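Accompanying notes for the structure given below.
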Amino acid sequence: MSATTSEKLSHATGIDEGAVAHGRSIKSVYVYEAPVRIWHWINALAITVLALTGFFIGSPLPTQPGEASANFLMGYIRFAHFAAGYLLAVGLIGRIYWAIVGNHHARELFWVPLLTRAYWIEVFGMLKWYAFMSPRPGRYVGHNPLARFAMFFGYLLLTLFMICTGFALYGEGAQMGSWQERMFGWVIPLMGQSQDVHTWHHLGMWALIVFVILHVYAAIREDIMGRSSVVSTMISGHRTFKD
Ligand code: HEM
Ligand code: HEM
């Protein structure tokens, strides 16, 4: 059996040429700086803990057997919820700071060019791509235009809503005069009464879960079918292009 060209080459250079990519050009751009990436994963963890514990606050587990004072299960669940709630809020303040001092892509989460025609053309282009109606998506260094829309309306505004309603509820426990009550107490009469805030806060969780499902689907789908790296970009910070 005669040796293939690549096998011959490997004998000459000691390199397995067949295993080396021969793309025309593979470009890499540094997009997400370390604070954005660290924030993204801490934020994802906080929201996972908040949704799990929030679900059990809304639908508590059956009463534990034994002396009431010997059990603190719901207390631990609520403590984890509040700790993750603080992490979410402080993390977002840190993320806002980084939008001010960080690179161009660090600001993309906070505004959407809704008033430009070109933006909407790109959004519809991406919608067609996601609906399997277009053969190729656009090439974007930062978030794609549709992702920006989803991240602003589906994540940022919703998370601010969860923080306002969450701290308003927390203010009830911390009582009158606490900073939580003074800063967020106005939310309760705005929505009616305490139970309304609970209901909206609860519904907000399901809306956020819908965002996360679509977001993770889109990230993995784009990684496989799109024209650039996606999930690894939120790990290493670098966007690499396949074509
Ligand atoms: C609770 C879960 C999650 C939430 C709330 C969330 C939220 C976000 C937000 C707000 C951004 C924009 C980042 C910025 O501009 O600062 C983002 C980006 C991103 N997320 Fe997540 N994320 C979650 C989980 C995940 C998971 C599990 C993955 C991996 C499969 C992932 C992959 C990504 C990627 C790749 C980007 C960058 C997208 C791009 O390059 O355009 N996320 N995420
Ligand atoms: C992603 C963000 C969040 C999610 C998904 C979430 C989810 C939930 C859910 C589902 C409930 C139960 C509501 C009910 O049916 O009565 C709840 C309750 C509550 N959450 Fe959140 N929450 C979030 C953020 C926050 C934040 C930032 C705080 C502020 C510390 C907070 C504080 C509270 C409080 C005080 C309660 C009521 C606890 C009780 O009545 O025992 N939450 N949350």
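The values are calculated or read from the model by the stated rules, or taken from the named source; none is laboratory data. Computed from a predicted structure; not experimentally measured. Counting neighbours? That spans all protein chains shown, and the Cβs are built from the backbone with ideal geometry, glycine included.
Among the residues that make up region 155-178, is at least one of them surrounded by fewer than 15 Cβ atoms within 10 Å (Cβ to Cβ) and under 21 Å from the mean Cα position of the chain (by Cα)? So far as region 155-178 goes, yes, one or more of its residues are surrounded by fewer than 15 Cβ atoms within 10 Å (Cβ to Cβ) and under 21 Å from the mean Cα position of the chain (by Cα).
Give the residues of region 221-243 that are surrounded by fewer than 16 Cβ atoms within 10 Å (Cβ to Cβ), of a type in the set (A, V, I, L, M) and closer than 21 Å to W39 by Cβ, sorted by residue number. Within region 221-243, V231, I235 qualify.
Return a yes/no flag: does region 112-122 have any residue that is touching a residue at least 40 places away in the same chain (Cβ under 8 Å), more than 15 Å from ligand 2 (Cβ to nearest atom) and crowded, with 16+ Cβ neighbours inside 10 Å.
Start the filter on region 112-122 by keeping residues that are touching a residue at least 40 places away in the same chain (Cβ under 8 Å), which leaves 112.
Filter once more, so that each one left must be more than 15 Å from ligand 2 (Cβ to nearest atom): 112.
In the following step, the residues that additionally are crowded, with 16+ Cβ neighbours inside 10 Å were identified as 112.
Within region 112-122, one or more residues are touching a residue at least 40 places away in the same chain (Cβ under 8 Å), more than 15 Å from ligand 2 (Cβ to nearest atom) and crowded, with 16+ Cβ neighbours inside 10 Å.
From the list T240, T199, the lone residue that is modelled with pLDDT of 95 or more and not charged (D, E, K, R) is T199.
In region 63-91, the qualifying residues are those that are closer than 17 Å to I47 by Cβ and among the aliphatic types (A, V, I, L, M), and the one that is nearest to the chain's Cα centre (by Cα) is L88. Of all residue pairs spaced 6 or more apart or on separate chains, those with beta-carbon atoms under 6 Å, a first member in region 201-212 that is under 16 Å from I57 (Cα atoms) and a second member that is within 8 Å of ligand 2 (Cβ to nearest atom) and of a type in the set (G, A, S) are H202/G58; M205/A51; M205/G54.
On the basis of being of a type outside the set (D, E, K, R) and outside any loop (DSSP other than H, G, I, E, B), does V123 make the cut? Yes; evaluated as a whole, the condition is true for this residue. Restricting I57, I77, I93, I100 to those that are more than 24 Å from Q180 (Cα to Cα) and of a type in the set (V, I, T) reduces the list to I100.
Out of the residues in region 46-79 meeting the condition of being hydroxyl-bearing (S, T, Y) and in a helix (DSSP H, G or I), tell me which one is farthest from D196 (Cα to Cα).
We begin by selecting, within region 46-79, every residue hydroxyl-bearing (S, T, Y); these are 48, 53, 59, 63, 69, 76.
Cutting the leftovers down to in a helix (DSSP H, G or I) gives us 48, 53, 69, 76.
On the way: T48: 23, T53: 19, S69: 30, Y76: 24 Å.
Looking at the filtered set, the residue picked out is S69.
Is it the case that some residue within region 202-221 is away from ligand 1 (no atom under 11 Å from the Cβ), closer than 21 Å to A131 by Cα and part of a helix (DSSP H, G or I)? The answer is yes; a qualifying residue exists. Residue check: A51 meets all listed conditions (1) of a type in the set (G, A, S); (2) touching a residue at least 12 places away in the same chain (Cβ under 8 Å); (3) more than 11 Å from ligand 1 (Cβ to nearest atom) but one, namely (3).
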